[in-house]
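Trainee: One structure, as structure tokens, below. Some questions next.
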Amino acid sequence: MSTPAPRPVRVLLVEDDELMRRSFTVALERYGYTVRAAADGLTGLENFRDEEFDLLILDVMLPGLDGIGLCRKVRETSLVPVLMMSARGDGLDIVSGLEAGADDYVVKPVDTNVLVARIRSLLRRATYAPAAGTATAEEPGPAEGELLTFGDLTIHTGGLDVSIGGTPVALTPTELKLLLEFAAHPGIVLERHTLLRNVWDYGWDGDSRVVDLCVQRLRGKLGRDRIETVRGFGYKLRR
């Protein structure tokens, strides 16, 4: 029996600037992505609820419902990877977007190659681990793997399941990748730039706020005492 061909990755792009919206859509389609574009947050939310997407790209400044509010709405029901775009590179916008549950951000104007690199990085963190431009609809990876325990926190590295006291914990792909990085080095301090490289795939100095806010979200789901801050250095998972 032949293996079904992988389907194209479906991207929801919400951008109110018509020129940018068309430009990003054409560029991403050239890389093999299937793009649904919306010009405002409410339409984007409607599209998200009506269709299945592998990744969302949300501009911060949107009419009706802004990108941060839209991200919060998405996170009420979904762990889909979210990439925020900020025209100003404003620190408040960036922090607010990441606090709302976004996985990463880019500042406009953004080069298409940089945008695609961030998309590929986000998709690699997703459990289906698609190749560039494609994703499979199969189950996420093999069932085999280690069973890691840290007190009542349990991580099944094969099934990518996380639970506390037997209760499943829902993590975004980025949160899960971050937790797995900590679990691979229990009790070892991991510097922010190391986490940016290993989790976010930054080959250069990225914004450490991405790490700090993702750790903050992870603590909110696992308990604040599980991940310790080592001032001036980074973070470590308590054994």
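The values are calculated or read from the model by the stated rules, or taken from the named source; none is laboratory data. Since we're looking at a predicted model, the values are computed, not measured. A quick note on method: Cβ atoms are made from the backbone with ideal geometry, for glycine too, and the neighbour counts reach across all protein chains shown. What goes into the accessible areas is simple: the full protein's heavy atoms, side chains included, and nothing from ligands, DNA or RNA. Shrake-Rupley method; radii C 1.70, N 1.55, O 1.52, S 1.80 Å.
Trainee: Quick one: which of ASP54, ASP17 is over 18 Å from the mean Cα position of the chain (by Cα) and open to solvent by less than 70 Å² (accessible area, probe 1.4 Å)?
Mentor: Going through ASP54, ASP17 in turn, the sole match is ASP17.
Trainee: Just for the stretch 29-51: of the residues that are out of contact with any strand residue (DSSP E or B) (no Cβ under 7 Å at 6 or more places or on another chain) and within 22 Å of PRO109 (Cβ to Cβ), which one is most open to solvent (accessible area, probe 1.4 Å)?
Mentor: Among those residues, the one meeting the criterion is ARG30.
Trainee: A further question follows. Working only within the stretch 78-121, note down all residues that are touching a strand residue (DSSP E or B) at 6+ places or on another chain (Cβ under 8 Å), under 21 Å from VAL26 (Cβ atoms) and not in a strand (DSSP E or B).
Mentor: The answer is ALA87, LYS108, VAL110, VAL114, LEU115, ARG118, ILE119.
Trainee: Using the structure shown, decide if VAL82 is open to solvent by 10 Å² or more (accessible area, probe 1.4 Å) and either within 19 Å of the chain's Cα centre (by Cα) or within 15 Å of ARG10 (Cα to Cα) (or both).
Mentor: no
Trainee: So, ASP205, is that one at pLDDT below 90 and at positive phi or not?
Mentor: It is false that ASP205 is at pLDDT below 90 and at positive phi.
Trainee: Moving on. If I go through the stretch 169-186 residue by residue, how many of them are of a type in the set (Ser, Thr, Tyr) and out of contact with any helix residue (DSSP H, G or I) (no Cβ under 7 Å at 6 or more places or on another chain)?
Mentor: Summing the residues that are of a type in the set (Ser, Thr, Tyr) and out of contact with any helix residue (DSSP H, G or I) (no Cβ under 7 Å at 6 or more places or on another chain) in the stretch 169-186 gives 1.
Trainee: Here's something else I'd like to know. Just wondering, is there one or more residues in the stretch 26-46 that are part of a loop (DSSP other than H, G, I, E, B), among the hydrophobic types (A, V, I, L, M, F, W, C) and within 21 Å of ARG217 (Cα to Cα)?
Mentor: For the stretch 26-46, residues part of a loop (DSSP other than H, G, I, E, B), among the hydrophobic types (A, V, I, L, M, F, W, C) and within 21 Å of ARG217 (Cα to Cα): absent.
Trainee: Could you grab me the full set of residues in the stretch 47-61 that are part of a loop (DSSP other than H, G, I, E, B) and either of a type in the set (S, T, N, Q) or farther than 16 Å from GLY101 by Cβ (or both)?
Mentor: Passing the criteria: GLU51, GLU52, ASP54, MET61.
Trainee: Within the stretch 57-75, is there a residue that is closer than 20 Å to PRO173 by Cα and among the acidic types (Asp, Glu)?
Mentor: No, every residue in the stretch 57-75 fails to be closer than 20 Å to PRO173 by Cα and among the acidic types (Asp, Glu).
Trainee: Yes or no: the stretch 195-217 includes at least one residue that is out of contact with any Asp or Glu (no Cβ under 7 Å at 6 or more places or on another chain), closer than 18 Å to LEU160 by Cα and basic (Lys, Arg).
Mentor: Looking for residues that are out of contact with any Asp or Glu (no Cβ under 7 Å at 6 or more places or on another chain), closer than 18 Å to LEU160 by Cα and basic (Lys, Arg), one finds none in the stretch 195-217, hence no.
Trainee: In this structure, does LEU70 turn out to be part of a helix (DSSP H, G or I), open to solvent by less than 10 Å² (accessible area, probe 1.4 Å) and in contact (Cβ under 8 Å) with a residue 60 or more places away in the chain?
Mentor: Answer is no for this residue.
Trainee: Does the stretch 85-104 contain at least one residue that is out of contact with any helix residue (DSSP H, G or I) (no Cβ under 7 Å at 6 or more places or on another chain), touching a residue at least 60 places away in the same chain (Cβ under 8 Å) and closer than 23 Å to ARG7 by Cα?
Mentor: no
Trainee: With (1) on the phi > 0 side of the Ramachandran plot; (2) out of contact with any Asp or Glu (no Cβ under 8 Å at 6 or more places or on another chain) as the list, and GLY44 as the residue in question, which single condition is left unmet?
Mentor: Of everything listed in (1) on the phi > 0 side of the Ramachandran plot; (2) out of contact with any Asp or Glu (no Cβ under 8 Å at 6 or more places or on another chain), GLY44 misses just condition (1).
Trainee: Looking at (1) touching a Pro at 6+ places or on another chain (Cβ under 8 Å); (2) at pLDDT 90 or above; (3) among the small types (Gly, Ala, Ser), which is the only condition GLY165 fails?
Mentor: (1)
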